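Structure record follows, encoded as C-alpha cells.
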Amino acid sequence: MKPMTGRRRLRAGASGLVAVATSLGLIGVGVPAAAVTSPEAGASRLGGGWSADEWPAGAGTTLKSVRSIIKADSGAAASLTGQGVGIALIDTGVAPVAGLPAAQVVNGPDLSFESQSGQLRYLDTFGHGTHMAGIMVGNDAASGTIGLAPKAKVTSVKVGTATGANDVSQMIAAIDWVVQNRNHDPASPIRVLNLSYGSSGMSASTVDPLMFAVEQAWQAGIVVVVAAGNDGNTTTALTNPAMDPFVLAVGASTTNNTIAMTDDDLATYTNNSNQARKVDILAPGTSIVSLRDPGSNVDQQYPTARVGDTGFKGSGTSQAAAVTASAVALLLQQRPSLTPDQVKKLLTSSATALTTGAAKTQGLKELNVSAAVAAATPSATQTIAKGTGTGSLETTRGGNHLSFNNIELKGENSIFGPFNGTAWANLAASKTSWNGGMWMGYRMAGDTWTGAGGTGGTGQITGFAGKCIDVQNRQNINGTPIQLYDCNNTPAQYWVLAADGTAQALGKCLDVTAAGTVNGTKVQLYDCNGTPAQQWRVNSARQLVNVGSSKCLDVTAFDSTNGIQLQIWDCLDQDNQRWVPPSASRTWAAASWQGTPWTGSGSWSDPEWSEQYWTGHYWSGHYWSGHYWSADDWSTSSWS
C-alpha cells in the first residue's frame, strides 16, 4: 500500500507508542507492559499506509475494470477462474467479511503476535490482507465485486498485527511453512505466493536470508509474486525480497480511470531501480476497489476510502502484486505443468509495452493475461546464481527493530531466541525447518489442522466477549445445551456450516428446543432432521438467524460467563447477537507461545486483549492504541 504523504518519523520507547497512535489516527489510552514499538528509523513507513488524500477522486478502479485493463476478460482468458490453484497470502490475516466465500479461504497458521489472543487470531485487524484476498477471490453480492481468480483457493498465513508489527524472522518462518505445506490441499495445491511486503534491508541475493527463503519457494514450484515497494520513483533499488532475481517483481501502474492501456504509466510511488534489477512487470495498483474490513485500522483511519458499505480503495504495489498473483493463478489453471520460470517468461514476454511517460522511457510493460494465455509455452530456465541464505538476519531487518519494554530485538535472533543462519538455511533447503507447529525448535503454532484429523469441519464460531459457541461437556446426546465458552479449539466448538443451512458439531445439529418461536427459547444439540428449527442463515450484520423462528441466536442477558446457555431472541442491533462464522474452509491449529519475549521477562499475551474482539460487524474493543504489539512499520519494512 502506498505510503502517506509527508511521512513522520516515530520515536522509540513509550513515547514511540504514543506517536504510533497519533500518526495512525488512534486514541491513546496508555502504554501496557506488553506493548512492542519500533524506534526511529530511516525507512519508516507507518505500517504501509493508506494514502487516501492522494487517490483520484471518484469511486476508484473496480475489479471489473481491472479485469478489462489486464485483458483477463477477453479470448481464452475469459473462461479462466483459477480453479484448482492455491495462492498463499502471507499478510495481516483475513476478516470474515461477507464478500469472501469461506470455501475459497484457508487459515494457515497465525504467526503474528495477535495469535496469542483468541479474540484476534487469524483475523485482519489492519485491513490489508482482506483487501488483497478480495482482489483475488472476492465475491461480494452487495456491490457485485468479483475477484480476478474467484475459484482459486487462498491460504492466509497471518504475520502482522493491527499496525503491522512483526520481525523478518516471522516472515521467513511463514515462507518456510508455505513451502513445506504447499500440497496440503491436493485439489488446489499452492502454486502462487503473494508477498505484498518489502524490507529496506538486504544483503547480496547470494546470501540474504529472506531472498533465500523465497528462492526455496520458487525452486519448489511456487511462483513468488512480490511488491516492488512504495518509496517512489527516485529510489534506486527494489525492496527485499523483490530484489531477488528469481521472483516476479511487480510495480504499480496508474490507469487514469480508463480501460485503455494507452494512457497508463508507472505510478510515481513505485520503487525504481537500477538496470541490474528492474521491476519485471506493471499491473494496475492505483485506487483499486476491493473489500472493506469494517472497523480495521485503515478503515478507521481513512473513512473517505470507503466505497459503499462493503468496498474500500487502496493504492500501492501491494494491490498490483495481488492483481498479478491472480493472473498467475489463471495461467496455471490453463497450464498446470508450467514451471515458475516459464510463468515469469510468459507474463513478461506477452505484456503490453506502455507508451506514456516514465513507463515508456524505462521500457516497462503492463500485464496482459489474454496474450499470455494465447502464447506458446516457452523453454525458460533462469540461469542465476542461487543464494545460500547464510547472510545476516540483522542486515535483512534494515535498521528497524521491534522493542519490548524499550529493549530492541537485534542481531542474529528470531523473536524467540538465537537464530543460526547456516543451520536454518540447511533445514529450509531440505524443507524441514518446520516440524508440525515447531519452527527451528520454537513452538509457533499447533501441529496440524483443527478438527478430528484436520478434516470434517470449518471451525469455531466466535462472538460475544470473544467467546465461542460450545457444546456443553462435549456430549453428543440429544438435548445437550449449547453454551458460550472460552474458545479452546476442541471438537465441541468445531462447527460445520452445511449446504442445507444446518450448523453441525459432534455429528448433530444446532437446534431450537421444541422448534420454539418465542423469545428466550433455548438452543440445544439434536439429531439432524433438516427442519427449519435447525436451519440458520448469516445476515449482513453477522447475526445467525433461525429460519423457523426468524429470530437470532442470542447470548442470554449479555452474560459472558462460561456456561451460559444460548437462546433465540428478536434480532436487534447489539453485540450479544453478532457472530463470526468460520471464515475459512480449513484452519491450522493455534498454540500458546512458550517462554518469554526477547527481554527475558513478561508474557507474550497482553491481558488487555480480553477487551477487544471482532463481532462480525465492527471492532468493538476500546483499546486500539496501547493494547497491541505495535511498530511504526513492518519491523524492517512495510506492506507495499
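The values are calculated or read from the model by the stated rules, or taken from the named source; none is laboratory data. All values derive from a computational prediction rather than experimental measurement. Neighbour counts run over all protein chains shown; Cβ positions are idealised from the backbone, glycine included.
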| query | Out of all the residues in the stretch 546-573, which are buried (at least 23 other Cβ atoms within 10 Å of the Cβ) and of a type in the set (Asp, Glu)? | reply | Asp554
| remark: So, first residue over 16 Å from Thr432 (Cα atoms) and touching a residue at least 24 places away in the same chain (Cβ under 8 Å) in the stretch 159-181, second residue part of a loop (DSSP other than H, G, I, E, B) and among the charged types (D, E, K, R), Cβ within less than 7 Å, six or more apart or across chains; the pairs are Gly164/Asp633
| remark: In the stretch 254-307, anything out of contact with any helix residue (DSSP H, G or I) (no Cβ under 7 Å at 6 or more places or on another chain), touching a residue at least 24 places away in the same chain (Cβ under 8 Å) and among the hydroxyl-bearing types (Ser, Thr, Tyr) is listed as Thr254, Thr262, Thr268, Tyr269, Ser273, Thr286, Ser287, Ser296
| query | Is there a residue in the stretch 523-531 that is without any contact (Cβ under 8 Å) to a residue 24 or more places away in the chain and surrounded by 15 or more Cβ atoms within 10 Å (Cβ to Cβ)? | reply | yes
| task | Might you check whether a residue that is surrounded by fewer than 21 Cβ atoms within 10 Å (Cβ to Cβ), assigned to a strand (DSSP E or B) and in the same structural domain as Leu120 (by TED's automatic domain parsing) occurs anywhere in the stretch 271-288? | result | no
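Rundown of residues vs (1) closer than 27 Å to Thr448 by Cβ; (2) part of a strand (DSSP E or B), yes/no style:
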{"position": "Asn478", "(1), (2)": "no, no"}
{"position": "Gln483", "(1), (2)": "yes, yes"}
{"position": "Asn489", "(1), (2)": "yes, no"}
{"position": "Ala492", "(1), (2)": "yes, no"}
{"position": "Asp500", "(1), (2)": "no, no"}
{"position": "Gln504", "(1), (2)": "yes, yes"}
{"position": "Leu510", "(1), (2)": "yes, yes"}
{"position": "Ala514", "(1), (2)": "no, no"}
{"position": "Asn519", "(1), (2)": "no, no"}
| request: Check the stretch 192-199 and report whether any residue there is part of a loop (DSSP other than H, G, I, E, B), buried (at least 24 other Cβ atoms within 10 Å of the Cβ), touching a His at 6+ places or on another chain (Cβ under 8 Å) and in the same structural domain as Val105 (by TED's automatic domain parsing). | output: yes
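So for the stretch 291-301 (the condition being under 19 Å from Thr255 (Cα atoms) and in the same structural domain as Glu215 (by TED's automatic domain parsing)), does at least one residue qualify? Outline the logic, then answer.
Step one: list which residues in the stretch 291-301 are under 19 Å from Thr255 (Cα atoms), which gives none.
Within the stretch 291-301 (the criterion being under 19 Å from Thr255 (Cα atoms) and in the same structural domain as Glu215 (by TED's automatic domain parsing)), the answer is no, since none of the residues qualifies.
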| task | Check Ala305 against each of (1) within 18 Å of the chain's Cα centre (by Cα); (2) within 25 Å of Tyr122 (Cβ to Cβ) and name the one condition it does not meet. | result | (1)
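From the list Ile90, Ile135, exactly one residue is touching a strand residue (DSSP E or B) at 6+ places or on another chain (Cβ under 6 Å) and not in a strand (DSSP E or B). Which is it? Let's see the steps before the verdict.
Working: Ile90 fails: not in a strand (DSSP E or B).
Testing whether each residue is touching a strand residue (DSSP E or B) at 6+ places or on another chain (Cβ under 6 Å) and not in a strand (DSSP E or B) leaves just Ile135.
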| message | Here is a check on your reading of the model: is Asn576 surrounded by 15 or more Cβ atoms within 10 Å (Cβ to Cβ), touching a strand residue (DSSP E or B) at 6+ places or on another chain (Cβ under 9 Å) and part of a helix (DSSP H, G or I)? | response | yes
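Among the listed residues Asn413, Asn368, identify the single one that is of a type outside the set (Phe, Trp, Tyr) and not assigned by TED's automatic domain parsing to the domain that holds Val214. Explain how you work it out, then say what you get.
Working: Asn368 fails: not assigned by TED's automatic domain parsing to the domain that holds Val214.
Residue meeting the stated conditions: Asn413.
Working carefully through the options Asp167, Asp176, find the one that is surrounded by fewer than 24 Cβ atoms within 10 Å (Cβ to Cβ) and farther than 28 Å from Ala351 by Cα.
Exactly one residue qualifies, and that residue is Asp176.
Kindly provide the set of residues from the stretch 358-379 that are among the β-branched types (Val, Ile, Thr) and in a loop (DSSP other than H, G, I, E, B), ordered by number. I'd like the intermediate steps shown before the answer.
Residues of the stretch 358-379 that are among the β-branched types (Val, Ile, Thr), as a first pass: 361, 369, 373, 377.
Selection gives Thr377 alone.
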| request: Give the residues of the stretch 206-234 that are among the polar types (S, T, N, Q), surrounded by fewer than 24 Cβ atoms within 10 Å (Cβ to Cβ) and under 28 Å from Pro284 (Cβ atoms), sorted by residue number. | output: Asn233, Thr234
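Of the residues Val225, Val207, only one is hydrophobic (A, V, I, L, M, F, W, C), within 22 Å of the chain's Cα centre (by Cα) and modelled with pLDDT of 95 or more; which? Please lay out each step first, then the result.
Numbers: Val207 fails: within 22 Å of the chain's Cα centre (by Cα).
Selected residue: Val225, the only one of Val225, Val207 that is hydrophobic (A, V, I, L, M, F, W, C), within 22 Å of the chain's Cα centre (by Cα) and modelled with pLDDT of 95 or more.
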| Evaluation of Asn406 against (1) surrounded by fewer than 16 Cβ atoms within 10 Å (Cβ to Cβ); (2) closer than 30 Å to Thr599 by Cβ; (3) modelled with pLDDT of 95 or more (one fails), failing number | (3)
| field | Thr355, sole failed condition from (1) in a loop (DSSP other than H, G, I, E, B); (2) surrounded by fewer than 22 Cβ atoms within 10 Å (Cβ to Cβ); (3) not assigned by TED's automatic domain parsing to the domain that holds Ser112 | value | (3)
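Working only within the stretch 492-519, note down all residues that are within 36 Å of the chain's Cα centre (by Cα) and of a type in the set (Gly, Ala, Ser).
Just the residues of the stretch 492-519 that are within 36 Å of the chain's Cα centre (by Cα), to begin with: 492-512.
Hits for the stretch 492-519 are Ala492, Ala498, Ala499, Gly501, Ala503, Ala505, Gly507.
For Thr348, state whether it is in contact (Cβ under 8 Å) with a residue 40 or more places away in the chain, assigned to a helix (DSSP H, G or I) and among the hydroxyl-bearing types (Ser, Thr, Tyr). Spell out how you get there, then give the answer.
Details: in contact (Cβ under 8 Å) with a residue 40 or more places away in the chain: yes; assigned to a helix (DSSP H, G or I): yes; among the hydroxyl-bearing types (Ser, Thr, Tyr): yes.
Yes: the conditions hold for Thr348.
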| field | Within the stretch 101-126, tally of residues that are β-branched (Val, Ile, Thr) and either under 13 Å from Val154 (Cβ atoms) or touching a Gly at 6+ places or on another chain (Cβ under 6 Å) (or both) | value | 2
| When the residues of the stretch 289-314 are filtered to those that are more than 17 Å from Gly164 (Cβ to Cβ) and among the hydroxyl-bearing types (Ser, Thr, Tyr), which remaining residue is surrounded by the most Cβ atoms within 10 Å (Cβ to Cβ)? | Ser290
| note | The residue from Leu338, Leu332, Leu367 that alone is on the phi < 0 side of the Ramachandran plot, hydrophobic (A, V, I, L, M, F, W, C), surrounded by 16 or more Cβ atoms within 10 Å (Cβ to Cβ) and without any contact (Cβ under 8 Å) to a residue 40 or more places away in the chain is Leu338
